[in-house]
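FYI, it's all coordinate maths here, none of it is from the lab. Computed from a predicted model, the values in this text were never measured in an experiment. Note that we place each Cβ from the backbone using ideal geometry, even for glycine, and neighbour counts take in every protein chain shown.
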């Protein structure tokens, strides 16, 4: 795939994430998607398949009253694309042993995207 095609898929995914449109989030994803989320060095989520990802994405809609990811930097490697992201959200629920409803979350993170058959095949989020 060309870097422009990879970038278009990433931007489509992030745009749909920001508007909470789960169906559009799924559009650029491969059916055998692997999703991993890391907090520090700990893997907190691991999903395989588009259906599992959809279920998690639908569940996540209720966690925030608003959320936004902005691309700060995007670099393409031979086997993946790495995106530095600014993240902003307001919680709709209390997180057990964590922030409370109404609190703002703001941080920078990194996402690594891999591709197969002109789709996003793997997403690793680090925050």
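Within the chain, what percent of beta bridges assigned by DSSP are antiparallel, to the nearest 5? Looking only at bridges with both residues in the chain, the antiparallel portion is about 85 percent. Note the listed values (1) 11, 31, 26, 22, 9, 1; (2) 10, 27, 17, 13, 14, 11, 5, 2, 1; (3) 13, 45, 35, 7, 0, then indicate which one is P(r) over Cα pairs in 10 Å bins from 0, in percent calculated from this particular structure. Of the listed options (1) 11, 31, 26, 22, 9, 1; (2) 10, 27, 17, 13, 14, 11, 5, 2, 1; (3) 13, 45, 35, 7, 0, (3) comes from this structure. Would you mind pulling out the separation of the Cα centroids of the stretch 25-52 and the stretch 81-121, in Å? If you average the Cα positions of each part, the centres end up 12 Å apart. Computed from Cα atoms, the angle from the helix 3-18 axis to the main principal axis of the chain rounds to 20 degrees.
Here the relative contact order of the chain, from alpha carbon pairs under 8 Å that lie six or more residues apart, stands at 25 percent.
Over the chain, dividing the summed -39,500 (n - 2.57) contributions of all DSSP H runs of at least 4 residues by the number of residues returns a 222 nm mean residue ellipticity of -7500 deg cm²/dmol. For the chain, the longest principal axis of the C-alpha atoms and the axis of helix 50-60 are separated by about 30°.
Ordered by the count of other Cβ atoms within 10 Å of each Cβ, fewest first, 81, 121 give 121, 81.
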